[in-house]
1. Below 10 angstrom from the Cβ of B:Leu161, what's the summed charge of the other residues (Lys, Arg +1; Asp, Glu -1)?
2. Please calculate the 1.4 Å probe accessible area of B:Glu29, with all protein chains present, and give it to the nearest 10 Å².
3. At a probe size of 1.4 Å, how large is the accessible area of A:Arg62, to the nearest 10 Å²?
4. If ligands, DNA and RNA are left out, what is the accessible area of B:Arg174 with a 1.4 Å probe, given in Å² to the nearest 10?
5. Please arrange B:Cys74, B:Cys228 by accessible surface area, largest first, computed with a 1.4 Å probe and ligands excluded.
6. What net charge do the residues around A:Gly43 carry, taking every other residue with its C-beta under 11 Å from that of A:Gly43, with Lys and Arg at +1 and Asp and Glu at -1?
7. Which order do B:Trp126, B:Trp172 take when ranked by solvent-accessible area (1.4 Å probe, heavy atoms of all protein chains), largest first?
8. For an R0 of 35 angstrom, estimate the FRET efficiency from the Cβ-Cβ distance between A:Ser50 and B:Ser134 and round to the nearest 0.05.
Amino acid sequence: MSTVPDQREPTRDSPKSAASEMEVVAEQLIALVEEFEAALSEGHVPPAFSERLAQLRQTAERLI
Amino acid sequence: MPFAAALRESLQERGSQVPAEFTRGDSLEGVLNRHLTTVEEMGGDDVFTCILLLSPDGKRLSVGAAPTIPASYCRVGDSFEIGLTHGSCAAAAYLGRPVYSVDIETDPIWADFGDVALQHGYRSCWSTPIRDSSGGIIGTFAILHRTVGMPTHEEIEAIELITGHVAEAIMWSRRPQFFAPPDRHEPGVPNLKLVSNNQEACDPASRLAVLVGRLHSKAGTLDRYADCAESEADAQLLRQAAELSRKLSANILLQIELVSSGKPAR
């Protein structure tokens with residue numbers, strides 16, 4: 001019988017760290033939007049924004 | 001401006017007023033009526049909307065707001081059980097998914113209330129469950145028409161948008177402490193430290209509530225940026241960012257509930 005843990009298991013086993021990580025991702029997302037606010041408000045999405053957003057989404061998918 | 005974009009802008013404007021309205025003592029019905037009036041004004045002459053709220057035991061629906069639907073019709077359905085023969089809203093709440101009744105006259109879902117709806121001139125009804133941040137059904141949002149028909153793709157998107165804003169208002173009325181005022185911080189201007197910030201530092205729930213408020217605010221900002229993006233690809237990215245902001249917000253709300261129930265999140 002396999003006992004290899006599910007990738008999401010640490011989230012369930014460690015709610016404290018998952019909550020902290022989610023807060024960090026949230027803060028990073030807010031900071032990202034504020035950093036690129038000028039360009040975004042003109043309808044332009046800089047490549048750096050796209051890259052960092054992709055990283056945040058990846059991290060969030062692991063947590064949510 | 002396309003209908004969906006105009007509606008989003010109007011609802012965001014409405015949403016930003018909700019905290020102040022509840023703070024000054026407005027009723028949930030009053031707040032929701034203003035939401036629905038905004039929708040009806042933009043939807044044209046053949047759009048009649050209502051919000052039904054689900055009872056705490058999850059078995060009955062009652063009228064939460066219906067600004068232009070006659071009282072004689074609302075009284076009939078003032079409080080009724082969810083199920084598959086009491087109309088689109090009862091079925092949507094029962095099934096946990098949208099129910100679009102193309103023709104009330106022939107739809108078996110309207111077996112018990114169809115006659116009353118037809119007497120009032122309603123021929124079709126599109127109802128969608130309203131969910132709270134943890135996914136539980138708290139009510140239904142419906143659009144009634146005097147003509148038969150299915151919603152278009154754009155109308156379904158608009159319904160989802162409206163339902164999201166209505167859900168936020170209902171959640172606000174029930175748990176105002178979980179929501180923070182919109183982020184009005186101007187770039188370059190240092191944030192003023194309020195006394196309550198000390199509480200945020202000490203109280204995990206307060207700190208998380210502020211974060212939820214900021215995420216909501218950013219999601220709205222990103223939606224606005226998406227509406228005027230240079231390309232569809234950019235608009236899609238900005239909407240993904242808004243969606244991420246809302247997902248994080250919903251999950252942090254769950255953390256707040258854990259904190260509030262005595263299970264510290266950190």
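1. Net charge around B:Leu161: -2.
2. Roughly 100 Å² of B:Glu29 is accessible to a 1.4 Å probe.
3. 120
4. 120
5. From most accessible down to least: B:Cys228, B:Cys74.
6. Once all neighbours under 11 Å are counted, the net charge is -3.
7. Sorted by accessible area, descending: B:Trp172, B:Trp126.
8. On the way: r = 31 Å, r/R0 = 0.88.
Computed FRET efficiency for A:Ser50 and B:Ser134 comes out at 0.70.
The values are calculated or read from the model by the stated rules, or taken from the named source; none is laboratory data. On a predicted model such as this, the values are computed, not experimentally measured, just so you know. Counting neighbours? That spans all protein chains shown, and the Cβs are built from the backbone with ideal geometry, glycine included. Heavy atoms of the whole protein, side chains included, go into the accessibility calculation; ligands, DNA and RNA do not. Shrake-Rupley method; radii C 1.70, N 1.55, O 1.52, S 1.80 Å.
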